[in-house]
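Encoded as structure tokens, the structure appears first; notes follow it.
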Amino acid sequence: IFPWNVIQPNGPADFEEGWFSDEQINAELARGIQIVGITLYTPRWAARDPQYEARSVPRNLDLPIDHPQNYWAAFIKRLVAKYRGRIDTWIILNEPDVYKEPDDFRTFAGTPIDYYRVLKTAYLAAKSVNPNATIVMSGFTYWWDKEARRPQYFQRVLDAIGGDPTARANNWFFDAVDVHTYGNPLNGYAIPTVFRRIMREKGIDKPIWIVESNVLPKDDPKAPANDTSFRATMDEQASYIIQNMALALAAGVQRYSVYKMSDEEPELGDQYWGLVRKDGTIRPAYVAYQVGVKYF
């Protein structure tokens, strides 16, 4: 994650290290890891709606990408240029579909039209400094829209893109789309299939990635769960990994990864998503992931 509000906390002249040093990034590359960057979090000085703090839509997105007051475009150009050749794949924001009406926004306080403008600006800015960059549309959860009985955020973003006369000539402003599949292994097939249908209805055919997938364990004695709903045994979690990888493969998913490799601090009180515990011991799902990588 490359947080804009940390890298440029006080203004466009800033360019701080962010969450990862060059030494850390270079060490990962030396181990053969291909790094994917995620851009998140608007600094207050660049926010259109400061009341939403880092979740705000950037202001001045209507200005050309070379205009100095299009702060989002300037940041993306500087970020992508800095890491060109080391990080050439960028995901633009994370789970903007996670919200409740009217104003409970969890990661991005904008409409699908706002997201389209963020994506378009990022795509054009990134390609201007690194034509070989791959721009991935934000990971979507699917279920937040499904449970709220509203059209898929992804579909509404494509509706907005479709109204832009320059979209077709610019590859629809994205190279791939990311979906997040949790809980039920069948989601690894069903959600990519739904997203592919949404694209085909608009004459678009792009790769689909699953960047986040997993199910929380409920019976780990080293990390007991307070709430066991929507959770699995560690044995079921291992099965989930194999099944979800196989189903993603069957759905034609191009890239697949698990959230996440190692526990850090517990999320939301008692959520431990790691294939590896913080003390270095492994959960059965880690071995399942090794098996899936080997054979799939």
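Below are the figures for this structure:
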{"item": "Derived scalar couplings ³J(HN,Hα) [region 264-279; Karplus, 6.51 cos²θ - 1.76 cosθ + 1.60; whole Hz; x for Gly, Pro]", "result": "10, 7, x, 9, 6, x, 9, 9, 10, 8, x, 6, 10, 6, 4, 7"}
{"item": "Among 219-232, 82-95, the order from most to least packed when residues are scored by Cβ within 10 Å on average", "result": "82-95, 219-232"}
{"item": "Accessible surface of F15 - all protein chains present, 1.4 Å probe, nearest 10 Å²", "result": "50 Å²"}
{"item": "Share of pairwise Cα separations in the chain, more than 24 Å, in percent", "result": "55 percent"}
{"item": "CD proxy at 222 nm, helix term only [per DSSP H run n ≥ 4: -39500 (n - 2.57); per residue of the chain; nearest 500]", "result": "-10500 deg cm²/dmol"}
{"item": "³J(HN,Hα) computed for each position of region 118-123 - Karplus, 6.51 cos²θ - 1.76 cosθ + 1.60, integer Hz, glycine/proline x", "result": "4, 5, 4, 4, 5, 4"}
{"item": "Shape category assigned to region 198-242 from the gyration tensor of Cα positions, a/c cut at 1.5", "result": "prolate"}
{"item": "Nearest-ten-degree value, helix 153-162 long axis tilted from longest Cα axis of the chain", "result": "30 degrees"}
{"item": "Solvent-accessible area per residue for region 1-134 (1.4 angstrom probe, square angstrom)", "result": "47 Å²"}
{"item": "Positive minus negative residues near R84 (Lys, Arg vs Asp, Glu; Cβ under 12 Å)", "result": "+4"}
{"item": "Semi-axes of the equivalent ellipsoid for region 150-268, Cα gyration tensor, largest first, Å", "result": "33, 15, 12"}
{"item": "Carbon + sulfur, % of accessible area of the chain - ligands and nucleic acids excluded, 1.4 Å", "result": "51 percent"}
{"item": "Residues of region 248-295: accessible area per residue with a 1.4 Å probe, Å²", "result": "58 Å²"}
{"item": "Relative frequency of Cα-Cα separations exceeding 23 Å in region 88-234, percent", "result": "40 percent"}
{"item": "Heavy-atom SASA rank of V291, V258 (probe 1.4 Å, accessible area, largest first)", "result": "V291, V258"}
{"item": "Per-peptide average of other Cβ atoms within 10 Å, ordering 164-172, 59-67, 119-127 highest first", "result": "119-127, 59-67, 164-172"}
{"item": "Region 60-127: C-alpha gyration tensor shape, a/c 1.5 cut-off, then a/b vs b/c", "result": "oblate"}
{"item": "Where only C-alpha atoms are counted, convex hull volume of region 23-87 per residue in Å³", "result": "99 Å³"}
{"item": "Residue-count net charge about L93 - beta-carbon cut-off 11 Å; Lys, Arg +1, Asp, Glu -1", "result": "-3"}
{"item": "Per-residue ³J(HN,Hα) for region 211-227, Karplus 6.51 cos²θ - 1.76 cosθ + 1.60, θ = phi - 60°, Hz, x for Gly and Pro", "result": "8, 10, 7, 3, 9, 6, x, 10, 10, 7, x, 7, 8, x, 8, 6, 10"}
{"item": "Mean Cβ neighbour count within 10 Å, used as a protection proxy, ranking 264-273, 40-49 highest first", "result": "40-49, 264-273"}
{"item": "Spatially proximal aspartates and glutamates relative to K82 (Cα-Cα < 20 Å; intrachain offsets below 8 disregarded)", "result": "D14, E16, E17, D22, E23, E28, D66"}
{"item": "Distant-in-sequence amide H partners of T89 (H built 1.01 Å from N, under 5 Å)", "result": "G37, T134"}
{"item": "Size descriptor, Kirkwood hydrodynamic radius, that averages inverse alpha-carbon separations across region 163-212, Å", "result": "12.0 Å"}
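The values are calculated or read from the model by the stated rules, or taken from the named source; none is laboratory data. Keep in mind that what you see is a predicted model, and the values were worked out from it rather than measured. In this analysis, Cβ positions are derived from the backbone assuming ideal geometry, glycine residues included, and neighbour counts consider all displayed protein chains. Side chains are part of the model used for accessible areas, which takes the heavy atoms of the whole protein and leaves out ligands, DNA and RNA. Shrake-Rupley method; radii C 1.70, N 1.55, O 1.52, S 1.80 Å.
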